[in-house]
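J.: The structure follows.
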Amino acid sequence: MSRLCSVCGRENPDGAAFCGYCGSPMASQPPQVERPPQQFEGDRGETVIYVISLAGYDNGRFPTTVLLTDIRTIWGNVDSKITAVRTAARILTGAALPIPGAVGKLAVDLAYRKKNTKLLLEAADPSLQLQRVMAPLSSFTNLGKATYLNHSDVRKARIHGDKEGVVLTLEPRRGGKWVNLFVPRVTEDAMRGALMETPLASLLK
């Protein structure tokens with residue numbers, strides 16, 4: 001558990017009397033309740049509508065693969081730059097949602113130091129970035145390490161595009177950390193079109 005400082009907004013350990021960043025008192029603040037995203041729970045009979053082969057979770061800090069289903073948005077780490085290029089093909093054949101290993105740790109560290117933009121842009125294959133699949137989630141394997149956010153728990157969805165790609169932001173209804181996914185080499189119109197086929201369509205701002 002952690003608590004947010006009401007002055008600077010940063011996270012502090014539960015039980016801290018003062019903010020470790022700005023020094024403001026923390027004693028009167030209630031503990032922050034853990035909210036979605038959540039660790040993956042099994043298949044609910046849902047359909048995967050789109051696969052985003054390579055994105056950057058938390059505005060690009062962590063390379064990830066994203067599944068947009070008719071119930072939730074699911075994401076999990078990819079294990080290397082080389083795997084990232086091939087992720088969509090592996091997903092579409094039901095091979096795996098990659099789990100990071102030593103190479104993945106190195107890739108994530110490198111991406112973190114360089115804000116991940118260059119890595120993501122180099123690794124992303126425009127022809128595979130956004131794939132409409134309409135396949136049952138049960139056909140996808142190795143999802144145990146994935147994280148998800150239920151679409152019913154989303155208050156707003158936003159898309160912001162630039163020349164490098166788009167950022168998809170999902171704002172939870174009941175507080176907690178926003179989900180920010182940087183999707184390189186995808187246009188704003190393409191991403192909006194994909195979301196229009198999901199329950200997020202009515203939440204787009």
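The values are calculated or read from the model by the stated rules, or taken from the named source; none is laboratory data. Note that the coordinates shown come from a computational prediction; the quantities given were computed from them, not determined experimentally. Note that we place each Cβ from the backbone using ideal geometry, even for glycine, and neighbour counts take in every protein chain shown.
J.: What residue, among those in the stretch 164-193 that are out of contact with any His (no Cβ under 9 Å at 6 or more places or on another chain) and part of a helix (DSSP H, G or I), is surrounded by the fewest Cβ atoms within 10 Å (Cβ to Cβ)?
T.: Filtering the stretch 164-193 for residues out of contact with any His (no Cβ under 9 Å at 6 or more places or on another chain) gives 164-165, 171-187, 189-193.
Right, trim to part of a helix (DSSP H, G or I) and you get 189-193.
Working: Asp189: 11, Ala190: 16, Met191: 24, Arg192: 16, Gly193: 14.
Out of the qualifying residues, it is Asp189.
J.: Right, Arg158: more than 14 Å from Tyr57 (Cα to Cα) and either without any contact (Cβ under 8 Å) to a residue 24 or more places away in the chain or not in a strand (DSSP E or B) (or both) or not? Before you say what the answer is, go through the steps one by one.
T.: Details: more than 14 Å from Tyr57 (Cα to Cα): yes; either without any contact (Cβ under 8 Å) to a residue 24 or more places away in the chain or not in a strand (DSSP E or B) (or both): no.
So Arg158 does not fit the description; no.
J.: Does any residue of the stretch 194-204 turn out to be among the acidic types (Asp, Glu), buried (at least 17 other Cβ atoms within 10 Å of the Cβ) and in contact (Cβ under 8 Å) with a residue 12 or more places away in the chain? Walk me through how you get there before you give the answer.
T.: Looking only at the stretch 194-204, we keep the residues that are among the acidic types (Asp, Glu), and these are 197.
Now narrow it down to the ones that are buried (at least 17 other Cβ atoms within 10 Å of the Cβ): none.
Checking the stretch 194-204: not a single residue is among the acidic types (Asp, Glu), buried (at least 17 other Cβ atoms within 10 Å of the Cβ) and in contact (Cβ under 8 Å) with a residue 12 or more places away in the chain.
J.: Let me ask something additional. Mind checking whether some residue in the stretch 22-43 is in contact with a helix residue (DSSP H, G or I) (Cβ under 7 Å, 6 or more places away or on another chain), among the acidic types (Asp, Glu) and modelled with pLDDT of 80 or more? Write out each step before concluding.
T.: First pass over the stretch 22-43, keeping only residues in contact with a helix residue (DSSP H, G or I) (Cβ under 7 Å, 6 or more places away or on another chain): 36, 43.
Filter once more, keeping what is among the acidic types (Asp, Glu): 43.
Still in the running and modelled with pLDDT of 80 or more: none.
No: zero hits.
J.: Could I ask something else about it? The conditions are (1) crowded, with 20+ Cβ neighbours inside 10 Å; (2) in contact with a helix residue (DSSP H, G or I) (Cβ under 8 Å, 6 or more places away or on another chain), and Gly161 fails exactly one of them. Which is it?
T.: (1)
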